[in-house]
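The values are calculated or read from the model by the stated rules, or taken from the named source; none is laboratory data. Bear in mind that the values here come from a model prediction, so they are computed numbers and not experimental data. Virtual Cβ from ideal backbone geometry, glycine too; neighbours counted across all protein chains shown.
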Amino acid sequence: MRSHYCGQLNETMVDQTVTLCGWVHRRRDHGGVIFLDMRDRDGIAQVVVDPDTAEAFANADRARNEYVLRIVGRIRLRPEGTQNPNMPTGMIEVLAKDVEVLNTAATPPFQLDEHGKVGEEIRLKHRYIDLRRPEMIDKLRLRSRISHTVRAYLENQGFLDIETPILTRATPEGARDYLVPSRTHAGSFFALPQSPQLFKQLLMVSGFDRYYQIAKCFRDEDLRADRQPEFTQIDIEASFVEEDDIMAITEGMIRQLFQEVLDVELPEFPRMPYAEAMQRFGSDKPDLRIPLELVDVDDLMKDVDFKVFSGPANADDGRVAALKVKGGASLSRKEIDDYTNFVGIYGARGLAWIKVNDRASGIEGLQSPIVKFMDGVIEPLLDRVGAEDGDIIFFGADKARIVNEALGALRVRLGEDLDLYTAEWSPLWVVDFPMFEEDDNGRLQALHHPFTAPSCDVETLKQRPAEALSRAYDMVLNGTELGGGSIRIHDQTMQQAVLASLGIGEEEAREKFGFLLDALQYGAPPHGGLAFGLDRLVMLMGGARTIREVIAFPKTQSAACLMTDAPGEVSGQQLKELNIRLRQKAKTENAGD
């Protein structure tokens, strides 16, 4: 039906006759000559329709934005002075011989050109229109190229693309499962996979040695800018490997991906223990482009009269940390108040600060509401953080978890607001994660998942589980976790010990993971892997604000699809076939109470 895409045309094709199919991006009528900007997935080409071609002119005359047309015409150079060097096809135009209207279009709900400003809700409601915009086409084209490059790299490394089930059973992997009722097994449910974790381990037991899959995963959890209820993983697993092997393979993949797709040579991937990352940056995915670090000052604050500092400094689970911002004394009181409100999101009850206006003048050269409570510790404090004239020092004092989250987030916010970035790309491996963390009730839960191998033996794990480190590793880029993985447990005794540490008894373990425990008896090889978030990767490489920008049909932050109005109600007959009865409050319940 077409001979060329609009974006393929150029001045080397002058005098060729081409057939274009696409949408009217813009229509202009200039003194009896009609200009149509025709758009398809590859770009935009200008078409000129003269009144000499009566039928073509009549069809062009009734065409409007987003009409679907088929145009046959001859390529010619644009007249002198009308060229557009900012447009790939800006040196040529198509003189139409035939214009055929393939379909009409209603007025779209928003403009598709660069001048259109429209809210995300409207864009998601009419996503099929939104996806026509060149910037959206570019993002999905980038996603396709990334997927292709990943597949080619892994195939070249000997990995096999193997699909794993979508309907499986619920497993405790850190988030809620989406449950699917079974019509043929009344009262029983499948679960959509949070990841292919157990199946890829079983593939290693089966001897496939190297597996990969670009897999759909599902998690029914609270959403953020970089989360969706359904998302895509680049899932990788290999046998007879240790940490260095998997890290080398996947680092090579990311390096090649950036080189081929963005023509970017990534710098060195340093390795940093989890404990160091939390201590220095308050985060297990630090953005190393930002030259700000948290500095512990607990020892200096233990005896100050300021209980906001002395309390956490003397508590076993407390922390007092300082964050110096070079040149930050120029921040206004309103800006400081805004940052105070910001850290409140992370549980901080305030944000103490000191401006260093003139250090040589001692306490008189400092501006802060708290210095009067810090007699005797000011100079050691300024020395420790390396304070100079013009700096500001922010403080976090609370439970260590709150201080880390609040100051870690503040550090990132300051880096963005003050444009403190020292590089365009800064990759990192975070290693030596704890095996477990305590929940709010003091119970242990897996920091990654319960199939991660500890770095200690079974007896040590049983005696001191809270101190155990794991053989896990995360790849971080510009403060975003690109992917996480680990060496897995391949020994049944160790797997049972880890499950027991999580409070999962033998009976429950057998019920939930009996198939895995059985498989580990039959010659399971040492194995490990890593899963990358494809959506996050495309978001970073494409410079998008959220992963919703790089997913064709995303959900909102409330896990709803505005376009299809999903999730939606189902009929009573469907529920009856599934043996499900909804519990609903009667409309008259509590009426008059």
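Numbers for the structure displayed
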quantity: Which numbered condition VAL241 fails, given (1) surrounded by fewer than 19 Cβ atoms within 10 Å (Cβ to Cβ); (2) among the aliphatic types (A, V, I, L, M); (3) under 21 Å from GLY207 (Cα atoms); calculated: (1)
quantity: Selection status of ARG64, touching a Ser or Thr at 6+ places or on another chain (Cβ under 6 Å) and surrounded by fewer than 17 Cβ atoms within 10 Å (Cβ to Cβ); calculated: no
quantity: Any hit, the stretch 92-109, residues being outside any strand (DSSP E or B) and under 20 Å from PHE553 (Cα atoms); calculated: yes
quantity: Residue list for the stretch 477-496, filter: of a type in the set (A, V, I, L, M, F, W, C) and either on the phi > 0 side of the Ramachandran plot or surrounded by fewer than 21 Cβ atoms within 10 Å (Cβ to Cβ) (or both); calculated: MET494
quantity: Candidates ASP296, ASP305, ASP284, ASP263 - the one that is surrounded by fewer than 15 Cβ atoms within 10 Å (Cβ to Cβ), more than 18 Å from VAL150 (Cβ to Cβ) and of a type in the set (Asp, Glu); calculated: ASP305
quantity: Matching residues in the stretch 396-407 - criterion: being crowded, with 23+ Cβ neighbours inside 10 Å and part of a strand (DSSP E or B); calculated: GLY396, ALA397, ASP398
quantity: Search result, residues across the stretch 3-24 that are surrounded by fewer than 19 Cβ atoms within 10 Å (Cβ to Cβ) and more than 38 Å from the chain's Cα centre (by Cα); calculated: SER3, GLU11, THR12, MET13, VAL14, ASP15, GLN16, THR17, THR19
quantity: Within the stretch 255-275, tally of residues that are of a type in the set (A, V, I, L, M) and touching a strand residue (DSSP E or B) at 6+ places or on another chain (Cβ under 7 Å); calculated: 2
quantity: Matching residues in the stretch 308-346 - criterion: being surrounded by fewer than 17 Cβ atoms within 10 Å (Cβ to Cβ), among the hydroxyl-bearing types (Ser, Thr, Tyr) and either outside the structural domain of GLY386 (by TED's automatic domain parsing) or in contact (Cβ under 8 Å) with a residue 40 or more places away in the chain (or both); calculated: SER330
quantity: Count - residues of the stretch 563-577 that are of a type outside the set (Lys, Arg) and assigned to a helix (DSSP H, G or I); calculated: 5
quantity: Condition check for TYR274: aromatic (Phe, Trp, Tyr) and buried (at least 20 other Cβ atoms within 10 Å of the Cβ); calculated: no
quantity: Residue within the stretch 68-78 that is out of contact with any strand residue (DSSP E or B) (no Cβ under 7 Å at 6 or more places or on another chain), in contact (Cβ under 8 Å) with a residue 24 or more places away in the chain and not in a strand (DSSP E or B) present; calculated: no
quantity: The stretch 1-42, residues that are under 14 Å from MET91 (Cα atoms) and of a type outside the set (Asp, Glu); calculated: CYS6, GLY7, GLN8, LEU9, ASN10, THR12, MET13, VAL14
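Yes/no matrix, rows are residues, columns are (1) more than 23 Å from the chain's Cα centre (by Cα); (2) touching a residue at least 60 places away in the same chain (Cβ under 8 Å); (3) in the same structural domain as ILE234 (by TED's automatic domain parsing); (4) surrounded by 17 or more Cβ atoms within 10 Å (Cβ to Cβ):
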position	(1), (2), (3), (4)
LEU124	no, yes, no, yes
LEU131	no, yes, no, no
THR168	yes, no, yes, yes
ALA186	yes, yes, yes, no
PRO196	no, no, yes, yes
VAL205	yes, yes, yes, yes
